[in-house]
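Quick note: the coordinates plus some simple rules give every number you see, no bench work behind them. Remember, it's a predicted structure, so these values are computed and weren't measured experimentally. FYI the Cβ positions are ideal-geometry reconstructions off the backbone, even for glycines, and counts take in every protein chain you see.
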There are 2 protein chains.
Amino acid sequence: MMGYSFMSSTLINWICISCVSSSLTLIWLHYGKKRTKNSTKVLFYNPVIKSTNCNCRNSFDFNCSSPNCSSIKTKEIILCLRKAKKSIDICVFAISNKPISNEVVAAHQRGILIRIIISNCILVYSHEVKMFLEIGIKIKYQENRDTSYMHNKFAIVDSTWLIQGSMNWTHQATYGNWESVIITDLQSLIIPFSIGFEKIWEKTILVPIT
Amino acid sequence: MMGYSFMSSTLINWICISCVSSSLTLIWLHYGKKRTKNSTKVLFYNPVIKSTNCNCRNSFDFNCSSPNCSSIKTKEIILCLRKAKKSIDICVFAISNKPISNEVVAAHQRGILIRIIISNCILVYSHEVKMFLEIGIKIKYQENRDTSYMHNKFAIVDSTWLIQGSMNWTHQATYGNWESVIITDLQSLIIPFSIGFEKIWEKTILVPIT
């Protein structure tokens, strides 16, 4: 009896230890994976919109059901900007896309810190840039250069999301061109782009208010 | 009783060994994944080169030691193209950067399958595009459109590396502009860009040889 009890308790101890260790390992792996799981989307724009029967080129429809509609792709950018809780840093050649710029204004109005860097092209005083300046958003641009452009096209939301690609934030780009845009929370991309933004911000000057 | 205890202890020992070995396997797999960590670089170009004392704007130096030299950043793109063992798919608005286009030619000459998509702009018949056509590289461009551009700027090497960003593969972009370029082996980016390339390749037409 003594032998049986001793063996049983030893065995049960082993079972318990094993089960607990296995469970802990699985839980650790599960949450570890969840923690490091990234979300990445790639949007491919093309000018197919012209041949579809939607009207988004003229009036943006957040719920357009037409195939390949550029508004549905732009919606992803807008939803990403809408996630902002602290800051949005934008560094793009030009901004003239209304739905996107309206979202930037809405973010500013709910207290999000907005910083924008644009090029020194004619779009410095586009309708959208004027609107940003009027409501107090800080905009910088490169010093006037004849042969160089601030040609970057990226934005960082809350140090958590990166929007980056070939696309300027213009109506032409979103509805007229073949473009590609990455939206990701990969820190291996967000960190260098955040550092890059700060360096460009330092080297550019504030757009004067006319 | 002894028989029962012996059987139980053997069985339970086996269960314990299995559990422990399972845990160890899971941990090993977890660290195995960590071992296959991805490689990602982000290159930030800026026009600082003009104020440095190197001569790379006129003659590319693979080993230039000047700070912020664009040649050293372009070297990363060239070294990535040099890794190709099977294929290079390029989809950029324009190609006119000599060191990069020379590397494309070298890859073609060592049997790498090259496919290039460019825009329909005046650069269709740039010196570099003519050179590519002469040696038999397949180049496609979008059908002539007045108001749209194939504005993408990415390349895929062997379905293993993605080069992507704001930068056209031109001399102006590499030495004159503020640009950013990602070089990565992240499959979460390479897969959608590979699918995107095939779709654009289908929808574009071969550049006629004049």
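If each DSSP helix of 4+ residues adds -39,500 (n - 2.57) and the sum is divided by the residues in chain A, what number results at 222 nm, nearest 500 deg cm²/dmol?
-14000 deg cm²/dmol
Calculate, in nm to one decimal, what B:Trp14 and B:Phe62 gain on full extension: separation in residues at 0.36 nm each, minus their alpha carbon distance.
11.2 nm
Got the relative contact order for the stretch A:73-155 handy, in percent, Cα pairs under 8 Å and 6 or more residues apart?
Values: 120 pairs, mean separation 29.2, N = 83.
With pairs under 8 Å counted, the relative contact order is 35 percent.
Show the residues, 5+ positions off or on another chain, whose built amide H is closer than 5 Å to the amide H of A:Val92.
So A:Val92 has HN proximity to A:Ile117, A:Phe154.
Applying the Karplus parametrisation 6.51 cos²θ - 1.76 cosθ + 1.60 with θ = phi - 60° to the phi angles of the stretch A:156-164, what ³J(HN,Hα) value in whole Hz is obtained for each residue in order, glycine and proline being reported as x?
So the Karplus estimates, Gly and Pro as x, are 10, 10, 6, 6, 10, 10, 10, 10, 7 Hz.
Inter-copy label distances at A:Arg82, 7 Å along the Cα→beta-carbon direction, one decimal in nm, shortest first?
4.8
Per residue of A:68-78, what is the mean number of Cβ atoms on other protein chains within 10 angstrom of that residue's Cβ?
Taking all residues of A:68-78 together, the mean is 0.
Can you name the helices of chain A, as whole DSSP H runs, whose Cα span along the helix axis is 27 Å or more and whose Kyte-Doolittle mean is not below -1.0?
A:2-36
If you put a point 7 Å past Cα along the Cβ direction, how far is that point for B:Phe62 from the same point in each other copy, in nm, smallest first?
Between copies, matching label points for B:Phe62 lie 5.4 nm apart.
Quick one: with label points 7 Å out along Cα→Cβ, list the inter-copy distances for B:Asn102 in nm, shortest first?
5.2
Given the Cα-Cα distance of B:Leu113 and B:Leu79 and 0.36 nm per residue of separation, how much length would full extension add, in nm?
10.5 nm
Averaging sequence separations of C-alpha pairs under 8 Å and six or more residues apart, then dividing by the length of chain B, give the relative contact order as a whole percent.
Averaging sequence separation for qualifying contacts and normalising by length gives 24 percent for chain B.
What is the set of long-range amide H partners of B:Thr40 at a cut-off below 5 Å, with H atoms built 1.01 Å from backbone N?
none
Please list B:177-188, A:56-67, A:164-175 highest first by mean number of surrounding beta-carbon atoms within 10 Å per residue. Present the calculation step by step, with values, prior to reporting the outcome.
Values: B:177-188: 21.4, A:56-67: 13.8, A:164-175: 24.0.
Top to bottom by mean Cβ count within 10 Å: A:164-175, B:177-188, A:56-67.
Need one number: nm distance between label points at A:His171 and B:Thr147, each 7 Å from Cα along Cα→Cβ, rounded to one decimal.
According to this spin-label approximation, the distance is 0.9 nm.
Give me the one-decimal nm value for the distance between modelled label points at A:Ser159 and B:Ile205, 7 Å along each residue's Cα-to-Cβ direction.
Label-label distance for A:Ser159 and B:Ile205, simple model: 5.2 nm.
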